[in-house]
Amino acid sequence: MTDQGIVNSDLGTLGFPRTPVTTTARGPWLEHWLETCRDLSVLRATHPMMDAVIDEVDGRMIRVGGHWLADFASCNYLGFDLDREIIEAIPAYLDAWGTHPSWSRLLGSPVLYEDIEDRLTALLGSEDSLVLPTITHIHMSVIPLLAASGTIFLDSRAHKTVYDGCQVARARGAAVRRFRFEDPAHLDELLGAEADPTRLVCMDGVNSMTGNAPDLPAFAEVARRHGALLYVDDAHGFGVIGERTSDESSPYGMRGNSVIRHAGETYDGIVLVGGFSKAYSSLLAFIACPTEVKQLLKVAAAPYLYSGPSPVASLATVLSGFDVNERRGDALRADLYALTARVLDALRRLDVETPNRSGLPIIEIPLRDHTQIDAVGRFLFERGIYVTLAAYPLVPRDEVGFRVQLTAANTVEEVDRLILALEDLVDRGELRSARVAAGALESAA
Ligand SMILES: Cc1ncc(COP(=O)(O)O)c(C=O)c1O
């Protein structure tokens, strides 16, 4: 599924579609959703690359029925899901702890959590950190707490789960205003016009669709100047980008310690949220925050009090992942960068438009004609390429296309197979010209 969820601008203030209510035998709400999601629903029911059952994996090759495909839809950026060292470390943890401690964290927290938080805090260089099962749990519980009955300034292209966290906050009395994507000046304007003293700015780090990181120093400066707390979801940056050094192994920087360190920023006035479910291939997420906030969350954030915990294998994967990250992470990031550059170089040579300006391993490729999404997806599937389809209403119609994600476990052969398929899509006229797009931008400016 595409990460930004159902296009937020198509939804009314309560998150329901804006189309007028028609009463049918099915009931108006169901009818609304069926209509809004019709394109996606047809794709889901008929397309081999939607809601697919994966029968087998072999490295980054996957089998769907009788088809073996190179997988470019995985977010396992560092390839930890397939790393023998990590896989082999897990049984010892299961022997020691069983498969699953079923206490909520407040009831009983295996010391593994303390180990993870200590190592994570040291890696990030934050004051403290708290781990909870998923980023979704964190957004739903932490955003409403931080916003209280104040005002949230929400990035208009923030991830659907951030948006949903803001909706929960709104239901509990917060106001929500939206600022334009990648536009710190607009945020500045909105904050300047706001009388409410409690201000929370919510935005993505590395964007899950464009693959670009925001101008974090600019947003942090605006937020600090207006006394707002900046809340950043860097699900896709954590593990991939990190602190810059003169001897870095790639432009991704070192250690994979996320967008704040990559941008050379401090945690002053910034709360960072990230997860292990992408680069670290595990079910766990974190919030990096001051100790005072962590102590508050331990009594006020519902998932800490009530949710079932992550399985022991997930905690073990994270701990072992830290070891691998320390010793081999920068080499894996260098491999990832090289594979990504191979695809981006091909797109430049082929004059194909992509919003990716960063060189990060998320490459969105919009279609020339959004109605071709079904056919293009089938073509890629037949060519043995598995990608994420970005269909309407997951993205606006003019952004319908597909997203390619690279991981360190992909091979050069798989990438070359992808490039051959892209060349054929260009020959068929399915993709957009980067030159035409740049020209259109210039004349609009
Ligand atoms: C930016 C972003 N935030 C949050 C999430 C959800 O993460 P989790 O599965 O940990 O809830 C995702 C997953 O796709 C994401 O891309």
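Within the stretch 260-319, the set of residues being within 12 Å of the ligand (Cβ to nearest atom), hydrophobic (A, V, I, L, M, F, W, C) and part of a loop (DSSP other than H, G, I, E, B) comprises PHE276, ALA279, LEU283, LEU284.
Give me the residue from the stretch 212-250 that is among the small types (Gly, Ala, Ser) and within 16 Å of the ligand (Cβ to nearest atom) and, out of that set, surrounded by the fewest Cβ atoms within 10 Å (Cβ to Cβ). Applying the filter and picking the extreme gives ALA213. If I ask for residues that are charged (D, E, K, R) and either within 16 Å of the ligand (Cβ to nearest atom) or open to solvent by 70 Å² or more (accessible area, probe 1.4 Å) (or both), which ones from the stretch 72-88 would you list? Selection gives ASP81, ARG84, GLU88. For the stretch 122-139, the candidate set comprises residues that are aliphatic (A, V, I, L, M) and more than 16 Å from the ligand (Cβ to nearest atom); within that set, the residue that is most open to solvent (accessible area, probe 1.4 Å) is ALA122.
Does ALA171 satisfy being on the phi > 0 side of the Ramachandran plot and either within 16 Å of the ligand (Cβ to nearest atom) or open to solvent by 10 Å² or more (accessible area, probe 1.4 Å) (or both)? For ALA171, the condition - on the phi > 0 side of the Ramachandran plot and either within 16 Å of the ligand (Cβ to nearest atom) or open to solvent by 10 Å² or more (accessible area, probe 1.4 Å) (or both) - is not met. Which residue is most open to solvent (accessible area, probe 1.4 Å), if the candidates are limited to the stretch 140-168 and must be assigned to a loop (DSSP other than H, G, I, E, B) and within 27 Å of LYS298 (Cα to Cα)? The extreme case among them is SER149. All of LEU347, LEU336 fail the test of being touching a Pro at 6+ places or on another chain (Cβ under 6 Å) and not assigned by TED's automatic domain parsing to the domain that holds VAL111, apart from LEU336. Taking the stretch 357-387 as the range and being within 20 Å of LEU336 (Cα to Cα) and crowded, with 23+ Cβ neighbours inside 10 Å as the test, the residues that pass are LEU360, PRO361, ILE362, ILE363, GLU364, ILE365, ILE385, TYR386, VAL387.
Checked against the criterion of being under 17 Å from ALA122 (Cβ atoms), in contact with a Ser or Thr (Cβ under 9 Å, 6 or more places away or on another chain), modelled with pLDDT of 95 or more and open to solvent by less than 30 Å² (accessible area, probe 1.4 Å), the candidates VAL318, VAL324 yield just one match: VAL318.
Residue count for the stretch 52-71 satisfying the condition of being open to solvent by less than 60 Å² (accessible area, probe 1.4 Å) and either modelled with pLDDT of 95 or more or more than 23 Å from the chain's Cα centre (by Cα) (or both): 9. With the structure loaded, tell me whether TRP33 is in a helix (DSSP H, G or I), at pLDDT below 95 and either open to solvent by 80 Å² or more (accessible area, probe 1.4 Å) or acidic (Asp, Glu) (or both) or whether it fails that test. In short, no.
So that you can scan it fast, the table gives a plain yes or no per residue for (1) in contact (Cβ under 8 Å) with a residue 60 or more places away in the chain; (2) more than 16 Å from ASP233 (Cα to Cα); (3) in contact with a strand residue (DSSP E or B) (Cβ under 9 Å, 6 or more places away or on another chain):
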{"position": "ALA89", "(1), (2), (3)": "yes, yes, no"}
{"position": "ARG105", "(1), (2), (3)": "yes, yes, yes"}
{"position": "GLY108", "(1), (2), (3)": "no, yes, no"}
{"position": "ILE116", "(1), (2), (3)": "yes, yes, yes"}
{"position": "GLU127", "(1), (2), (3)": "yes, yes, yes"}
{"position": "VAL142", "(1), (2), (3)": "yes, no, yes"}
{"position": "CYS166", "(1), (2), (3)": "no, no, yes"}
{"position": "PRO184", "(1), (2), (3)": "no, yes, no"}
{"position": "LEU190", "(1), (2), (3)": "no, yes, yes"}
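When restricted to residues that are small (Gly, Ala, Ser) and part of a strand (DSSP E or B), the stretch 61-88 contains 1.
For the stretch 206-244, a residue qualifies if it is β-branched (Val, Ile, Thr) and either in contact with a helix residue (DSSP H, G or I) (Cβ under 9 Å, 6 or more places away or on another chain) or not in a loop (DSSP other than H, G, I, E, B) (or both), and the qualifying residues are VAL206, VAL222, VAL232, VAL240, ILE241.
The values are calculated or read from the model by the stated rules, or taken from the named source; none is laboratory data. Computed from a predicted model, the values in this text were never measured in an experiment. Glycine also receives a Cβ, built like all others from the backbone with ideal geometry; neighbour counts cover every protein chain displayed. Areas reflect the complete protein model, heavy atoms only, side chains present, ligands, DNA and RNA absent. Shrake-Rupley method; radii C 1.70, N 1.55, O 1.52, S 1.80 Å.
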